[in-house]
1. Residues with amide H under 5 Å of residue 216's amide H, sequence separation 5 or more or different chain, H placed in the peptide plane at 1.01 Å from N; which?
2. To the nearest 500 deg cm²/dmol, what mean residue ellipticity at 222 nm is calculated for the chain from DSSP H runs of n ≥ 4 alone, each contributing -39,500 (n - 2.57), summed and divided by the residues?
3. Would you mind checking the pairs 198/235; 5/231; 61/240; 48/97 and listing those with alpha carbons more than 24 angstrom apart?
4. So, in nm, how far is label residue 196 from label residue 22 when the simple model puts each one 7 Å beyond its Cα toward the Cβ?
5. Taking a point 7 angstrom from the Cα of residue 130 along the C-beta vector, which residues in region 76-115 have backbone N less than 15 Å away?
6. Round to the nearest 10 and report in Å² the accessible area of residue 236, as given by a 1.4 Å probe over the protein chains' heavy atoms.
7. Just in region 1-82: which GluC sites (Glu not before Pro) are loop by DSSP and have at most 12 other Cβ atoms within 10 Å?
8. Restricting attention to region 154-195, which GluC sites (Glu not before Pro) occupy a DSSP loop and are surrounded by at most 11 other Cβ atoms within 10 Å?
Amino acid sequence: MDKTKVLDHLAADAASRLSLARLLDQLELCRRRDIPTHSHFLSDGEQKLAAQAVAAAGEVKWIFEGGYEAASRRVCCFLPPWMDAVDEPPVSAVAVKPPKRLSHRDFLGSLMGLGITRDLLGDILVGEDTTQVVCLTSALPVLLNQWREVGRYAVSPVEIPLASLTPVEENVQTLTETFQSLRFDAVAASAFRISRTKAAGLISGGRLLLNHLPCTKPDRILEEGDSLTGKGLGKCRLVKINGLSRKGRIMVEMERYV
């Protein structure tokens, strides 16, 4: 495997390059020492890049693991030839019950305040009275022994089995729109109810992500299945392209997560 060529071909920016380099280092460690290894937690976009990088690297056994079937953030586990499956996932989970419902941002901020970086954390499942957090098992002692408050509220984390993780049902709004073309800025403007000029500025500034990865080209043509995310704006997915309307505009179904 030529690591530099793989990175040059797949990594669009410094952050992607660093993430892929760390992943490929774990792949090589698995091959060299004949032991199971794993990456840090990967976003949806990073997982797509990881799959391409692993395919380019040649034959190797690997699997994504996020703690539960529908996990969004997952680690990439590499297996030596003598293993057929992951004996023990490298992820764990804890649960806390604050006295009132807090936001995802509240929980993430309090954890990062402990010095835990985002790549050590998987999904944060915010429920009505209980919030569950997936993390790398190596970070579990910090959560259990040092995490004592979220905002101004005290919490007492307890470890829970992965089998008890309960995905939170997302609030999804279905949108039906028509476009002259499926340019990134046009679709983003409609999805997030902002002006096309503002959408183009956010895209050019790297503040709107396409499939969880930076894309600074407002004129990029989107395809069915693409997702758009922006801080403070939420997430929208282009679900289906339904052909042309009588006026020749492209008919699209989208889902906005609110």
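1. Residues meeting the amide H criterion: none.
2. The helix-only estimate for the chain comes to -9000 deg cm²/dmol at 222 nm.
3. In this structure, 5/231; 61/240; 48/97 exceed 24 Å between Cα atoms.
4. 3.9 nm
5. 93-99
6. Approximately 0 Å² of residue 236 is accessible to the 1.4 Å probe.
7. Passing sites in region 1-82 are 59, 69.
8. Qualifying residues, ordered by number: 169, 170.
The values are calculated or read from the model by the stated rules, or taken from the named source; none is laboratory data. What you are looking at is a predicted structure, and each value in this text was computed from that prediction instead of being measured. Virtual Cβ from ideal backbone geometry, glycine too; neighbours counted across all protein chains shown. With ligands, DNA and RNA removed, areas are computed over all heavy atoms of the protein, side chains included. Shrake-Rupley method; radii C 1.70, N 1.55, O 1.52, S 1.80 Å.
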